[in-house]
Amino acid sequence: MAFGRKKKGRVIPEDELIVFENVTKTYQTGAPALNGVSLKVKKGEFVFIVGDSGSGKSTLIKLLLRELVPTEGEIYVNGVSLSKLRRRQVPKYRRNLGVVFQDFRLIKNWNVYENVAFAQRIVQTPNRLIKRNVPAILSIVGLASKYKAKPMQLSGGEQQRVAMARALINKPPILLCDEPTGNLDPKNSWEIMKLLEQINKRGTTVIVVTHNREIVNEMQKRVITMKKGVILNDEEKGGYIDED
Amino acid sequence: MRISSFFYTIKQGIKNIFRNAVFSLASIATIASCLLLFGVFYAIIANFQNIVKTAEEGVAVTVFFTEDVCEDDVRMKEIGDLISARSEVSKVVFVSADQAWEEFKVDYLGEYAEGFTENPLAGSANYQIYLRDISQQDSLVSYLQTMTGIREVNYSKVTADALSGVNNMVSYVSIGIIGILLAVSIFLISNTVMIGISIRKEEIGIMKYIGATDFFVRAPFVVECLIIGLIGAAIPLGIINVVYDKVLTLVTQRFEVLNSILRFLPIQTINKTLIPISLGIGAGIGLFGSIITVRKHLKV
Ligand SMILES: Nc1ncnc2c1ncn2[C@@H]1O[C@H](COP(=O)(O)OP(=O)(O)OP(=O)(O)O)[C@@H](O)[C@H]1O
Ligand SMILES: [Mg+2]
């Protein structure tokens, strides 16, 4: 899956996959959720985003998903300005992103197979390929035998793995995770993180919002710490910064 | 759209019908009653018009010539051509004095006719003029009365007025009722879609995160309503086909006196028009109702 790179205007270097330039997002009410944030994420990076509740982490993810547009500033993904995307182009743009949320967001009436297959149906993959790809990705996340189960019949960790399989099946260049382990016990959390690390090693750029101090400290990845809508700290091989 | 996406959309549409069963059934029922009424009206009107047409065909305006014209074949021919050229006229039949006498003999005299050696109806040559549409009789008659060479115009005013009057009334009433029912059907379909959207709000949100296009999210709703519309159309067609002959038998038994005038259409003739129109309206209600609702409430 490839982006069309921007042809005119500002040229973003090839390896700068995600660029925030002075991004401010203010909701109808209250102070800015993001306030003049600038950052760059290179192709193939693994980035943790940490920070207090309300510091603007989910807002940052929603901006990347193009669910929100910045009040000020610009966001470029693979050289394309998100604020210049037309409404009709948004679905196509989103297919470049895998997304995983704290609350899994699986479709309750569908079994595991259908939930994962759906991502491929959207991009009009022929059924014969879907039948091959879904079991393959399910066995990567360790759920091959549960393809018939409905989400309610699965544990939280299993549901999150279904969500990961769905996010990954189309091989998106970017994987966005907003508190993927927020509802999981330590063991499942580690398994999900190991999976994310594996995926990153295969070339996918991974951005993970998390509150899990232990994991952040252990994994020694880039850590961006947010506070009240600004970037407090941005460190290669960083750790979880305690405020209080 | 790829084949597999096409089948996927159809499958989702069908699943939606079952997930939203109560409203789907309500919509099917309304569309079915709407189209049942439509079918019944249509069958009645078609038969009625058939009867009217048969009656109209029997109703002719007859013109007799003045004496000088009766002797003059060329003038008669000229008058005949003028009449045939009128737009109201479907057919002009010339009846010579001899033919008139022959018919009269057969119809009224039978064997008593033998005493006549000369044609007592000399001078009764005439044109029988058949109309395209009985309601145009007045304008034709006033034209005929102004023509030179014509002695008398015979026509039946009462029949013409009665036939076209009833015909119009039946049409207006049925169009009115069908119009109201159509509006109700579209309203219900639209409600079904709205309920469906609210049931699936979360699901639709998830689909959009993953990158589903508007079309992909909306199409199953449209398919669902298209199927509802078609089922709603098929049910009354089935009912009418089962019941039609039975009703006709009943009517002919009840009103045996009328049997000579009542010429009913066979169900095949009714079906030829009713099936495509009913399916068309059913599909139309489904498509229209769902597309407007989905465009309004599913701004994905
Ligand atoms: N839809 C909204 N309307 C108004 N304000 C909002 C909205 N969403 C978020 N906010 C505000 O924006 C700020 C940042 O919220 P955000 O959800 O980005 O925080 P977060 O870092 O993800 O927090 P958490 O760790 O609790 O998930 C908060 O003050 C929040 O109240
Ligand atoms: Mg959050």
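The values are calculated or read from the model by the stated rules, or taken from the named source; none is laboratory data. The structure presented is a predicted model; accordingly, all values stated were derived computationally and were not measured. We place every Cβ from the backbone using ideal geometry, glycine too, and count neighbours over all the protein chains shown.
When the range A:49-79 is examined, which residues are found to be away from ligand 2 (no atom under 14 Å from the Cβ) and under 28 Å from A:ASN200 (Cα atoms)?
To start, the set of residues in the range A:49-79 that are away from ligand 2 (no atom under 14 Å from the Cβ) comprises A:66, A:69-79.
Matches in the range A:49-79: A:ARG66, A:VAL69, A:PRO70, A:GLU74, A:ILE75, A:TYR76, A:VAL77, A:ASN78, A:GLY79.
Inclusion of A:LYS84 among residues that are within 13 Å of chain B (Cβ to nearest Cβ) and out of contact with any His (no Cβ under 6 Å at 6 or more places or on another chain) is not warranted. Hey, does the range A:167-183 have a residue that's away from every other protein chain (no Cβ under 14 Å), more than 16 Å from ligand 1 (Cβ to nearest atom) and either crowded, with 22+ Cβ neighbours inside 10 Å or of a type outside the set (D, E, K, R) (or both)? No: the range A:167-183 contains no residue that is away from every other protein chain (no Cβ under 14 Å), more than 16 Å from ligand 1 (Cβ to nearest atom) and either crowded, with 22+ Cβ neighbours inside 10 Å or of a type outside the set (D, E, K, R) (or both).
The residues on offer are A:VAL69, A:VAL19, A:VAL50, and the sole one that is part of a strand (DSSP E or B), within 14 Å of ligand 1 (Cβ to nearest atom) and under 18 Å from the mean Cα position of the chain (by Cα) is A:VAL50.
If you go through the range B:1-36 and keep only what is surrounded by fewer than 19 Cβ atoms within 10 Å (Cβ to Cβ) and modelled with pLDDT under 85, you end up with B:MET1, B:ARG2, B:ILE3, B:SER4, B:ARG19.
Taking the condition at pLDDT 95 or above and either crowded, with 16+ Cβ neighbours inside 10 Å or assigned to a helix (DSSP H, G or I) (or both), does B:ILE228 pass?
Details: at pLDDT 95 or above: no; either crowded, with 16+ Cβ neighbours inside 10 Å or assigned to a helix (DSSP H, G or I) (or both): yes.
Spelling it out, it is not the case that B:ILE228 is at pLDDT 95 or above and either crowded, with 16+ Cβ neighbours inside 10 Å or assigned to a helix (DSSP H, G or I) (or both).
For the range A:70-81, which residues satisfy the criterion of being within 14 Å of chain B (Cβ to nearest Cβ) and either among the polar types (S, T, N, Q) or within 22 Å of A:GLN28 (Cβ to Cβ) (or both)? Explain how you work it out, then say what you get.
To start, the set of residues in the range A:70-81 that are within 14 Å of chain B (Cβ to nearest Cβ) comprises A:77.
Once the filter is applied, which keeps residues that are within 14 Å of chain B (Cβ to nearest Cβ) and either among the polar types (S, T, N, Q) or within 22 Å of A:GLN28 (Cβ to Cβ) (or both), the range A:70-81 yields nothing.
Could we say that B:ILE175 is within 14 Å of chain A (Cβ to nearest Cβ) and at pLDDT below 85 here? Criteria not met by B:ILE175. When the residues of the range A:80-94 are filtered to those that are assigned to a helix (DSSP H, G or I) and among the charged types (D, E, K, R), the one that is farthest from ligand 2 (Cβ to nearest atom) is A:ARG88. Of the helices (runs of 4 or more DSSP H) lying entirely inside the range A:95-204, those carrying at least 3 residues that are closer than 30 Å to B:ARG218 by Cα and touching a residue at least 24 places away in the same chain (Cβ under 8 Å) are A:112-122, A:127-140, A:156-168. Whether a residue is surrounded by 15 or more Cβ atoms within 10 Å (Cβ to Cβ), within 15 Å of ligand 1 (Cβ to nearest atom) and outside any helix (DSSP H, G or I) was assessed, and A:VAL41 does not pass this test. Looking at (1) buried (at least 21 other Cβ atoms within 10 Å of the Cβ); (2) in a loop (DSSP other than H, G, I, E, B); (3) of a type outside the set (Phe, Trp, Tyr), can you tell me which one A:ILE61 breaks? The single condition A:ILE61 does not satisfy is (2).
Just to be sure, is A:LYS57 away from ligand 1 (no atom under 15 Å from the Cβ) and touching a residue at least 40 places away in the same chain (Cβ under 8 Å)? Break it down stepwise before answering.
Details: away from ligand 1 (no atom under 15 Å from the Cβ): no; touching a residue at least 40 places away in the same chain (Cβ under 8 Å): yes.
Against the criterion (away from ligand 1 (no atom under 15 Å from the Cβ) and touching a residue at least 40 places away in the same chain (Cβ under 8 Å)), A:LYS57 does not qualify.
For A:ILE12, state whether it is hydrophobic (A, V, I, L, M, F, W, C), touching a residue at least 40 places away in the same chain (Cβ under 8 Å), over 29 Å from A:ASN212 (Cα atoms) and touching a strand residue (DSSP E or B) at 6+ places or on another chain (Cβ under 8 Å).
On the way: hydrophobic (A, V, I, L, M, F, W, C): yes; touching a residue at least 40 places away in the same chain (Cβ under 8 Å): yes; over 29 Å from A:ASN212 (Cα atoms): yes; touching a strand residue (DSSP E or B) at 6+ places or on another chain (Cβ under 8 Å): yes.
Yes; evaluated as a whole, the condition is true for this residue.
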